[in-house]
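Peer 1: Got a structure for you, written out below as structure tokens; questions coming shortly.
The values are calculated or read from the model by the stated rules, or taken from the named source; none is laboratory data. What you see is a predicted model; the values in this text were computed from it and never measured. FYI the Cβ positions are ideal-geometry reconstructions off the backbone, even for glycines, and counts take in every protein chain you see. These area figures cover heavy atoms from the full protein model, side chains too; ligands, DNA and RNA do not enter into them. Shrake-Rupley method; radii C 1.70, N 1.55, O 1.52, S 1.80 Å.
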Amino acid sequence: MITRLFSAALRGVEAHEVEVEVNARGTDKPVIVIVGLPDAAVRESSQRVISAIGASALFLDDGVKTVNLAPADLKKEGPSFDLPIALAMVAASRTKPFQHDDCCVVGELGLDGTVRSVKGVLSIALEARRRGRTHLLVPEANAPEAAVIDGIQVYPIRCLKDAWDFLLGELVIPPFLLDRRAFFNARRSYEVDFDEVRGQHFVKRALEVAAAGGHNLLMVGPPGTGKSMLAKRIPTIMPDMTEDEAIETTKIHSVTGMLDRRRAFLTTRPFRSPHHTISDAGLLGGGTNPGPGEVSLAHHGVLFLDELPEFRRQTLEVLRQPLEDGDVTISRAAGSLTFPSRFMLVAAMNPCPCGFYGDIKRQCRCSPRQIETYRQRISGPLLDRIDIHCEVPLVDFRELSPSATTGEKSENIRERVVQARHIQTERFRKASNSTNSAMSPRQMKVHCQIDAEAIGYLEHAMEEMNFSARAHNRILKVARTLADLAGAPHIRPSDVLEAIQYRSLDRKLFS
């Protein structure tokens with residue numbers, strides 16, 4: 001007898017439907033053969049399945065069980081096929097028909113028949129809905145994650161026996177109900193706030209501008225000035241994620257196994273801060289079975305690179321494609337995978353190896369040659385993709401005093417950022433980009449017009465401070481964002497002057 005159930009396999013961050021077929025043939029010796037391009041974890045499922053069926057007191061007759069995972073040319077990885085294989089094998093031992101084409105089933109089995117959580121359930125739920133499946137059986141721990149997807153009923157499964165009785169109609173398992181809007185809003189909070197940062201008013205302004213226009217940012221300052229503290233609070237002033245953005249971001253974290261019961265869905269923008277010893281594959285993605293890297297885990301959020309010159313130059317160079325295109329393509333002999341990676345790059349560095357170049361209180365011990373070598377660790381093309389450079393000075397003692405006035409709350413800053421983003425959304429509603437930082441040269445001609453006074457300021461800066469052509473375009477894009485924050489329809493001379501101040505590396509340290 002041949003029985004079948006539907007499951008799904010992950011490829012990258014997307015799921016593809018898999019048909020689990022079992023053909024039972026009577027022989028004297030029990031044998032299980034799994035075909036359909038399974039990996040080691042799938043092949044080993046036969047032993048887990050036999051033990052789980054026995055522990056669940058379900059009937060399994062002797063004979064050859066051929067398990068086919070179709071399509072055969074799609075590689076099947078991981079233990080998520082345990083549950084559908086076990087159910088199909090038990091059904092194949094019966095004489096009664098078994099038809100459940102409206103179901104999709106995933107789950108790993110323990111030897112005692114318990115169902116354990118698996119990766120990528122959110123992607124599987126999206127694929128099941130796209131295929132027209134109306135019922136999704138998932139491990140109980142994965143139910144909140146899958147229930148976020150509307151249009152499909154999610155049933156939490158604790159053990160193999162419960163799943164079998166449910167499919168036979170002998171057990172009623174209510175679908176997992178989730179108030180999506182309440183769930184989404186209740187978890188949209190951050191543990192940090194900008195009012196905790198004392199001083200650094202100029203830097204806070206630069207961070208607000210960067211968040212408003214989607215600009216990449218580089219902070220330069222001596223150790224202990226609060227660069228990391230400031231960076232960690234940038235997500236708190238960015239616009240709230242939409243439900244579509246949250247689902248897209250959660251999919252990436254789900255396939256990497258980074259979700260759990262307490263964090264089954266991401267509603268706040270991710271903040272990723274990899275160590276400077278990270279490899280190319282760790283940052284960009286890859287591996288034997290290619291998976292997303294840090295640039296994809298920071299999708300719709302912030303990628304913070306502390307001590308930027310300490311990263312290997314080759315590792316930093318792989319950032320060019322995601323910064324330019326918003327996605328990463330990993331090519332292997334078996335095929336190519338594309339991972340989304342639209343993030344805001346925030347980096348921090350010391351002005352020199354010792355960290356005190358330009359400090360008025362502490363003397364720098366580095367030679368000009370050492371400073372130049374330190375600077376050359378960051379390539380021109382990468383620096384070209386960073387719109388804002390700002391200096392982070394030491395904080396005055398009076399601002400650190402407990403009696404000092406606290407800073408502005410993140411909520412207030414976020415309101416201004418959201419208003420500026422709304423202006424940009426209306427401006428680029430017919431274009432592919434939605435922020436000023438992604439403006440093309442043609443769009444700049446239309447939206448970055450400046451008057452004679454502003455042209456004079458910009459020309460003087462180009463001549464006196466040796467700004468490059470790329471710095472010219474960055475200044476205009478940042479000036480456009482400054483005008484949006486002020487609600488001005490056109491770029492004002494004061495916007496150009498402030499934007500010039502955000503090119504500190506071109507102006508002083510690196511010229």
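Peer 1: Can you tell which of ARG180, ARG116, ARG129 is touching a residue at least 12 places away in the same chain (Cβ under 8 Å), farther than 30 Å from ASP484 by Cα, basic (Lys, Arg) and touching a strand residue (DSSP E or B) at 6+ places or on another chain (Cβ under 8 Å)?
Peer 2: Unique residue meeting the criteria: ARG116.
Peer 1: Could you check, for segment 270-280, whether at least one of its residues is over 20 Å from LEU323 (Cα atoms), in a loop (DSSP other than H, G, I, E, B), modelled with pLDDT under 90 and of a type outside the set (A, V, I, L, M)?
Peer 2: For segment 270-280, residues over 20 Å from LEU323 (Cα atoms), in a loop (DSSP other than H, G, I, E, B), modelled with pLDDT under 90 and of a type outside the set (A, V, I, L, M): absent.
Peer 1: Considering only segment 194-211, I want to know if a residue exists there that is of a type in the set (Phe, Trp, Tyr) and either open to solvent by less than 50 Å² (accessible area, probe 1.4 Å) or in a loop (DSSP other than H, G, I, E, B) (or both).
Peer 2: Looking for residues that are of a type in the set (Phe, Trp, Tyr) and either open to solvent by less than 50 Å² (accessible area, probe 1.4 Å) or in a loop (DSSP other than H, G, I, E, B) (or both), one finds at least one in segment 194-211, hence yes.
Peer 1: Of all residues in segment 52-75 being in contact with a strand residue (DSSP E or B) (Cβ under 8 Å, 6 or more places away or on another chain) and more than 14 Å from VAL33 (Cβ to Cβ), which is surrounded by the most Cβ atoms within 10 Å (Cβ to Cβ)?
Peer 2: Checking each candidate, the answer is ALA52.
Peer 1: Checking the conditions here, which among VAL154, VAL138 is outside any loop (DSSP other than H, G, I, E, B), in contact with a Gly (Cβ under 9 Å, 6 or more places away or on another chain), β-branched (Val, Ile, Thr) and open to solvent by less than 60 Å² (accessible area, probe 1.4 Å)?
Peer 2: VAL138
Peer 1: For SER367, only one of the following conditions fails: (1) modelled with pLDDT of 85 or more; (2) in contact with a helix residue (DSSP H, G or I) (Cβ under 8 Å, 6 or more places away or on another chain); (3) open to solvent by less than 60 Å² (accessible area, probe 1.4 Å). What is its number?
Peer 2: (2) is the only condition that SER367 fails.
Peer 1: Still on this structure, I have one more. Please go through segment 7-56 and pick out each residue that is in contact (Cβ under 8 Å) with a residue 60 or more places away in the chain, touching a helix residue (DSSP H, G or I) at 6+ places or on another chain (Cβ under 8 Å) and assigned to a strand (DSSP E or B).
Peer 2: Those that are in contact (Cβ under 8 Å) with a residue 60 or more places away in the chain, touching a helix residue (DSSP H, G or I) at 6+ places or on another chain (Cβ under 8 Å) and assigned to a strand (DSSP E or B): SER7, ALA8, LEU10, GLU14, ALA15, HIS16, GLU17, VAL20, GLU21, VAL22, ASN23, ALA24.
Peer 1: Restricting the search to segment 450-500, which residues are open to solvent by 70 Å² or more (accessible area, probe 1.4 Å), farther than 18 Å from LEU217 by Cβ and in a helix (DSSP H, G or I)?
Peer 2: ALA452, GLU453, ILE455, TYR457, GLU459, HIS460, GLU463, GLU464, ALA469, LEU497
Peer 1: What do you reckon, is PHE59 outside any strand (DSSP E or B) and under 15 Å from VAL20 (Cα atoms)?
Peer 2: no
Peer 1: So which pairs qualify, if the first residue must be in segment 462-483 and free of Cβ contacts under 8 Å to residues at least 60 places away in the same chain, the second must be surrounded by fewer than 16 Cβ atoms within 10 Å (Cβ to Cβ) and not in a helix (DSSP H, G or I), the Cβ gap must be under 6 Å, and the two must be at least 6 apart or on different chains?
Peer 2: Pairs found: ASN466/SER511.
Peer 1: Please determine whether any residue of segment 244-255 is over 22 Å from the mean Cα position of the chain (by Cα), open to solvent by less than 60 Å² (accessible area, probe 1.4 Å) and at pLDDT below 95.
Peer 2: Taking every residue of segment 244-255 in turn, none turns out to be over 22 Å from the mean Cα position of the chain (by Cα), open to solvent by less than 60 Å² (accessible area, probe 1.4 Å) and at pLDDT below 95.
Peer 1: Filter segment 437-449 for residues that are under 29 Å from ILE413 (Cβ atoms) and open to solvent by 80 Å² or more (accessible area, probe 1.4 Å) and give the result.
Peer 2: VAL446, GLN449, listed by residue number.
Peer 1: If we scan segment 233-241, do we find a residue that is open to solvent by less than 30 Å² (accessible area, probe 1.4 Å), modelled with pLDDT under 90 and part of a loop (DSSP other than H, G, I, E, B)?
Peer 2: yes
Peer 1: For the subset of segment 103-116 comprising residues that are assigned to a loop (DSSP other than H, G, I, E, B) and open to solvent by 50 Å² or more (accessible area, probe 1.4 Å), which member is nearest to GLU21 (Cα to Cα)?
Peer 2: Among them, the one singled out is LEU111.
Peer 1: Determine the pairs where a residue that is buried (at least 18 other Cβ atoms within 10 Å of the Cβ), located within segment 81-102, has a partner that is of a type in the set (D, E, K, R) and not in a helix (DSSP H, G or I) with Cβ atoms under 6 Å apart, the partner being 6 or more residues away or on another chain.
Peer 2: ASP82/GLU108; MET89/LYS65; SER93/ASP61
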